[in-house]
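Here the structure is laid out as structure tokens; the discussion comes afterwards.
The values are calculated or read from the model by the stated rules, or taken from the named source; none is laboratory data. If you're wondering where the values come from, they're calculated on a predicted model, not measured in any experiment. A quick note on method: Cβ atoms are made from the backbone with ideal geometry, for glycine too, and the neighbour counts reach across all protein chains shown.
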Amino acid sequence: MPKPPENDEQWKKNVEPYLSNGVEMLGRSGDEIGCTCPFCDRPKFSINYLTGKAQCWSCWSGNQYTFVEVLYEDSSKGSPDYSKLSEAKGISPTTLSQWGVVWHRLLRCWAMPGYSPEGKIRQLYRYQFSKKKFRWWATTGLGHGLFGVHLWDKSKPIAVICEGAWDGMSLWEVMRGCRSQAGNLSVTTSDDNLLKEINVIAIPGCKSFRPEWARMFHGKVVHLFFDNDWPRLVPGGKEVAGAAREGLERAARLLSGSATPPQEIHYLKWGPNHYTDKFKSGFDVSDALWEF
């Protein structure tokens with residue numbers, strides 16, 4: 001396979017969204033990148049380097065965003081075995097399915113969509129091992145998206161924003177199975193649960209909140225549930241706030257400074273200085289739900 005160019009922003013934006021999702025590059029002629037079609041497996045797929053538009057001369061045409069939409073839809077057709085992932089993460093197969101986790105048909109790994117506030121798929125994350133750990137990796141060249149927007153109900157007055165997809169799914173699952181009566185929590189299987197008035201969504205990382213997402217929370221009571229990140233040392237030995245605190249303050253600024261701000265903003269405070277050493281650095285909502 002030909003080697004893609006390095007440090008080419010045009011290539012990153014217009015071609016990598018396809019290649020990083022498993023499309024096989026066959027060659028290049030000018031601005032056209034020849035590939036094997038990911039949908040019909042014929043060598044008739046062409047990506048335009050300048051525009052990012054692609055076409056299979058047999059079955060499909062579109063751009064980077066419609067490509068990840070169709071690839072996600074195609075990957076959703078199967079009935080994946082969630083058992084190992086469910087056991088590893090402590091999240092039920094039902095919740096994994098409800099949040100849109102699918103088996104990526106090209107890369108053979110778990111995948112999950114990232115949405116715009118309007119509910120359009122703008123990103124496809126893949127759960128893969130890289131840099132010594134498994135994590136949700138974004139499709140190269142596309143901006144971040146929100147997790148769980150397809151479950152969003154505009155009529156609900158409260159929104160919880162979690163840091164990371166696993167925290168969002170874990171909290172959503174627990175709230176779905178609990179209800180509050182006279183200030184006491186009890187288990188339920190009915191629709192009269194904690195999600196009745198609460199939306200739970202997640203952002204990819206603590207510093208990933210985008211300004212255009214703020215409009216989604218207009219008039220809502222927002223709760224930010226970020227991780228218990230300890231302060232860290234930077235070159236020179238100076239101690240600075242943990243990443244989660246920096247991300248939390250950034251998200252709060254973007255929300256409160258929006259032309260369509262929330263009614264209220266609250267946040268999860270792990271300790272007096274926004275963290276506690278009673279738990280490890282990086283301790284999160286999923287960990288807390290497991291522990292308590």
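A few comments on the model shown:
- Filter result for the condition that a residue is over 22 Å from N199 (Cα atoms), of a type in the set (D, E, K, R), free of Cβ contacts under 8 Å to residues at least 60 places away in the same chain and part of a strand (DSSP E or B), over R122, R135, R108: R135
- Breaking point among (1) hydroxyl-bearing (S, T, Y); (2) free of Cβ contacts under 8 Å to residues at least 40 places away in the same chain; (3) surrounded by 14 or more Cβ atoms within 10 Å (Cβ to Cβ), for S130: (3)
- For the stretch 153-162, the count of residues that are within 14 Å of the chain's Cα centre (by Cα), of a type outside the set (G, A, S) and surrounded by 22 or more Cβ atoms within 10 Å (Cβ to Cβ) is at least one.
- Unique residue being in the same structural domain as L248 (by TED's automatic domain parsing) and touching a His at 6+ places or on another chain (Cβ under 7 Å) when the list is H144, H223: H223
- Hits in the stretch 256-292 (condition: closer than 21 Å to G242 by Cα and in contact with a strand residue (DSSP E or B) (Cβ under 6 Å, 6 or more places away or on another chain)): I265, H266, Y267, L268, W270, Y275, F279, F283, V285
- Of everything listed in (1) within 23 Å of the chain's Cα centre (by Cα); (2) over 30 Å from K89 (Cα atoms), the single unmet condition for G219 is (1).
- With respect to being in contact (Cβ under 8 Å) with a residue 24 or more places away in the chain and polar (S, T, N, Q), T51 fits the description.
- Cβ pairs under 6 Å, 6+ apart, first in the stretch 270-292 and crowded, with 17+ Cβ neighbours inside 10 Å, second in a helix (DSSP H, G or I) and at pLDDT 95 or above: H274/R245; D284/D167; V285/D167; V285/L171; S286/W166; S286/D167; S286/S170
- Residue count, the stretch 52-74 (criterion: polar (S, T, N, Q) and either modelled with pLDDT under 95 or surrounded by 20 or more Cβ atoms within 10 Å (Cβ to Cβ) (or both)): 2
- Residue match in the stretch 196-216 (condition: of a type in the set (G, A, S) and over 19 Å from the mean Cα position of the chain (by Cα)): no
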